[in-house]
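Just below is one structure, and these are the notes that go with it.
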Amino acid sequence: MNDTNYKSIDFGALTRAGEGLTQWRALAMGFLTALVCCALFWIAQFVAVKMGSIVGVLLMVVDLLVTFVVWVAGSSAVGVLLMDKAREVPQRSIGDAAAFGLASVPKFLLLGVVVFVAVLAFMLVAALIYLICKIPVLGAILAFIVHPLLVVIASAALIACMWVVFPLFAPAVWSGLSFKQALASVFAIARNRLVQVVLMMM
């Protein structure tokens with residue numbers, strides 16, 4: 001996608017998303033999601049306490065996975081309803097929003113996998129560097145330089161995920177973009193409007 005599409009985004013329009021809190025469909029979807037998740041979580045605890053065997057543990061794990069899927073799907077359904085309001089387009093029904101939210105779950109799971117792989121790669125590189133730092137004398141000098149640098153990189157990556165990647169990826173998915181397009185939009189917006197995004201998150 002062309003980066004110029006992101007340069008012309010009216011970020012002020014996003015402030016209207018708060019108006020979505022007055023929308024009964026979004027509120028109802030959020031309430032139903034919380035209700036179902038609480039019921040599933042209670043069932044998981046009940047199964048774990050009453051059965052207490054390997055089968056019970058496995059059933060509890062399956063139940064918790066279902067709870068996670070319901071939570072992500074329900075949150076996405078609420079998000080897409082609020083996005084419809086923010087974009088001033090006809091708001092879809094609760095059923096359509098729920099179906100869209102369920103279809104969005106694989107995209108968020110894939111983002112989690114990408115982040116996990118990136119973290120794992122960083123840890124492997126850091127472990128290799130620290131292994132090299134065990135070299136007498138030269139290793140100590142290298143560690144004096146590399147250790148603070150690795151800490152800064154890890155901190156910047158954590159802040160970027162919390163303040164930029166996750167907050168921008170979700171609305172991109174709720175706008176109907178594919179995983180690749182949503183990820184591209186995150187980097188494009190962050191590259192062109194990073195300061196504005198961080199200020200808006202604050």
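In this structure, Lys180 does satisfy being open to solvent by 50 Å² or more (accessible area, probe 1.4 Å), in a helix (DSSP H, G or I) and out of contact with any Phe, Trp or Tyr (no Cβ under 8 Å at 6 or more places or on another chain). Of the residues Leu64, Leu59, Leu149, the single one that is in contact with a Leu (Cβ under 9 Å, 6 or more places away or on another chain), assigned to a helix (DSSP H, G or I) and open to solvent by 60 Å² or more (accessible area, probe 1.4 Å) is Leu64.
Here is a yes/no grid of residues against (1) over 21 Å from Ala73 (Cα atoms); (2) out of contact with any helix residue (DSSP H, G or I) (no Cβ under 8 Å at 6 or more places or on another chain):
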site: Leu102; (1), (2): no, no
site: Val105; (1), (2): no, no
site: Val117; (1), (2): yes, yes
site: Phe122; (1), (2): yes, no
site: Val125; (1), (2): yes, yes
site: Ala156; (1), (2): yes, yes
site: Val165; (1), (2): no, no
site: Pro171; (1), (2): no, no
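Count of the stretch 148-173 residues, restricted to those that are over 12 Å from the mean Cα position of the chain (by Cα) and within 18 Å of Ala86 (Cβ to Cβ), is 0. Would you confirm whether or not the stretch 185-195 contains a residue that is within 13 Å of the chain's Cα centre (by Cα), at pLDDT below 90 and surrounded by 15 or more Cβ atoms within 10 Å (Cβ to Cβ)? Within the stretch 185-195 (the criterion being within 13 Å of the chain's Cα centre (by Cα), at pLDDT below 90 and surrounded by 15 or more Cβ atoms within 10 Å (Cβ to Cβ)), the answer is yes, since at least one residue qualifies. Of the numbered criteria (1) exposed (fewer than 11 other Cβ atoms within 10 Å of the Cβ); (2) part of a helix (DSSP H, G or I), the one Pro136 fails is (2). Per the conditions (1) among the charged types (D, E, K, R); (2) under 30 Å from Ser155 (Cα atoms); (3) part of a loop (DSSP other than H, G, I, E, B), the sole criterion not satisfied by Lys107 is (3). Checking each residue in the stretch 88-133 for being of a type in the set (S, T, N, Q) and either closer than 15 Å to Phe169 by Cβ or loosely packed, with under 10 Cβ neighbours inside 10 Å (or both) picks out only Ser104.
The values are calculated or read from the model by the stated rules, or taken from the named source; none is laboratory data. What you are looking at is a predicted structure, and each value in this text was computed from that prediction instead of being measured. Using ideal geometry, Cβ is built from the backbone for each residue, glycine included, and neighbour counts are taken over all protein chains shown. What goes into the accessible areas is simple: the full protein's heavy atoms, side chains included, and nothing from ligands, DNA or RNA. Shrake-Rupley method; radii C 1.70, N 1.55, O 1.52, S 1.80 Å.
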